[in-house]
Amino acid sequence: MKQRVRAVLITPHETMLVIKRIRPGIAPYRVIVGGGVEETDASLEDALLREVREEIAADAQIVRLLHTAENPKGETEFFYLARVGTWNFDDRTGPEFARDDRGEYLLEEVPLTTDALAALNLLPEEISAVLSRALEAGDLLPG
């Protein structure tokens, strides 16, 4: 079964980067950066760093594995906590951005608070709950 990697990207301002998805007929929602692990990826971490480069033209520093889950398609998703210093959404290169039928992708920088997370419509819902619990426990912001 396919594996997927996702990056909870923490900025120098202690905010988080998310991608707002706008698709016809669906309420806007947010996702965190990530995608499928490819056969050419040497490891899950290499796949994650490739996805970050493709989707926001950034170099991330992985802090740790935050959560693992199975999505509705039966794929294992690995959610990593990572730091990112600079990014350039205009220089993204992911193949999904070249397709007109995929809707809009907008990069947003959001506060890392439980109230801000609750207002996001962040998918999957499970990661929103994991992030909220980690924030409440003081276990999310890397040093």
Mean separation of Cα pairs under 8 Å and 6+ residues apart, divided by the residue count of the chain: what relative contact order is that in percent? 30 percent
Considering only DSSP beta bridges whose two residues both sit in the chain, what percent are antiparallel, to the nearest 5? 75 percent
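Report, to one decimal in Å, the Kirkwood hydrodynamic radius for the chain based on all distinct Cα pairs.
By the Kirkwood definition, the hydrodynamic radius is 15.4 Å.
Just so you know, all these numbers are worked out from the coordinates, no wet-lab data involved. Everything quoted here is computed from the prediction, not taken from an experiment.
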